[in-house]
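A short write-up of the structure that comes next.
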Amino acid sequence: MMAPHISVLMPCFNHGAFIGEAIESVLAQTFRDFEIIVVDDGSTDPATVEVLSRLTAPIRVLTTANRGLPAARNHAAGHASGQVFCALDADDRLASTWFEKGMRVLGDQPTIAFVSHWLETFGDEHWTWKPQQCDLPSLLARNSVNGAALVRRGAFEAAGGYDETMREGCEDWDFWLRLVERGFEGTIVPEVLFYYRRRHDSMSREMLEEKRYRRPLEVLVGKHEAAYRMHLTSVLVAKEAETQGLTKEIALVERDRILSLEPALRRAREELAAASGKAGRVRAVRALEEQNERLAWKAAELERQVADLHASWSWRMTAPLRRLYSLARGGR
């Protein structure tokens, strides 16, 4: 049998709930010449172990102790037969035409060592990322190459694969930097061809925390200090542009949020005015009711007092005088 063109390197650590989607996205590729190598990186989740035990050809499953993402990828690469590698994490997905379009670029441009794409997130968040360049100054400023990029086997081996000491993150950024520093060129297909899952415990989300991100970033900068010193101005300009872009994005989001809330706020104000009018009318009616209640109480009190007077001893004793007084008045 001929060796496949593409070897998919798929590490898996306790991602049994998602790996089926990742594998299906590979099996759905329009470019069919590939193999899938799954590395169980010492999963401790029984459900994941069960899912991996049921995988069959054309998928190969290799099992190792837990050594981290970069070591798992290297282990898969060491057992791969293809001339092009694609490192796909077990919780992400590929667009069905990614291999076809990526291989077309590599076939048409022999000087290109790796090809990346745009991505779209799914899961807890939904947004797209559209990097434009992956030359050395651009890569020093930000990792503009996605993990599922296609890379030629020769370039992968020349760079020495992934640095297995970088278990805390930035191992893929470091890998692409080492490739470009060695003179390998890459490019980006301007199309969303990769779907990146965002979860509450995603490594990329954890890396947003300064304390979590600082250590691997310091390692990265230390490994590529000479390149950072050489391109410092370009990196600073790129980071400033990125900061301004993010500031503008935040302002647009806030504006859109305010505009989207304005109709609801207007309706709420109208409802409040209507409710206030009703409340005013209700208060006026209630005031009248209370006045009537007070008058009714006074009338009842007077009637009670009159009744008490009629029943009193003094009233009965003065009855003849009142009659004489009444006759006298009538005689006038």
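A few notes on this one:
- Cross-link pairs beyond the 25 Å C-alpha cut-off, checked among K101/K223; K211/K239; K130/K239: K101/K223
- Here the label points at A28 and A251, each 7 Å from Cα along the C-beta direction, are separated by 4.0 nm in the simple model.
- Kirkwood radius, the stretch 33-140, all distinct C-alpha pairs, inverse of mean reciprocal distance: 16.4 Å.
- Ligands, DNA and RNA are left out, and with a 1.4 angstrom probe the accessible area of the stretch 1-83 is 46 Å² per residue.
- Amide H contacts under 5 Å for R197: R93, F122, restricted to partners 5 or more places along the chain or on a different chain, H placed in the peptide plane at 1.01 Å from N.
- Protection proxy ranking, peptides 224-237, 103-116, 68-81, 132-145, average beta carbon neighbours within 10 Å, highest first: 68-81, 132-145, 103-116, 224-237
- Percent carbon-and-sulfur accessible area, the stretch 93-141, ignoring ligands, DNA and RNA, probe 1.4 Å: 49
- With both labels modelled 7 Å from their Cα along Cα-to-Cβ, the E191 to E271 distance reads 4.7 nm.
- When peptides 87-98, 48-59 are ranked by their average number of other Cβ atoms within 10 Å per residue, the highest-first order is 87-98, 48-59.
- For the listed peptides 294-305, 119-130, a ranking on the average number of other beta carbons within 10 Å per residue, highest first, reads 119-130, 294-305.
- For a label point 7 Å along the Cα-to-beta-carbon line of T97, residues of the stretch 165-203 with backbone N under 14 Å: 189-194
- Length available on full extension from T111 to A241: 0.36 nm per residue minus the Cα-Cα distance, which gives 43.8 nm.
The values are calculated or read from the model by the stated rules, or taken from the named source; none is laboratory data. A quick note: this is a predicted structure, and the numbers were derived from the prediction, not measured. For neighbour counting, all protein chains shown are included, and Cβ atoms are generated from backbone atoms with ideal geometry for every residue, glycine included. What goes into the accessible areas is simple: the full protein's heavy atoms, side chains included, and nothing from ligands, DNA or RNA. Shrake-Rupley method; radii C 1.70, N 1.55, O 1.52, S 1.80 Å.
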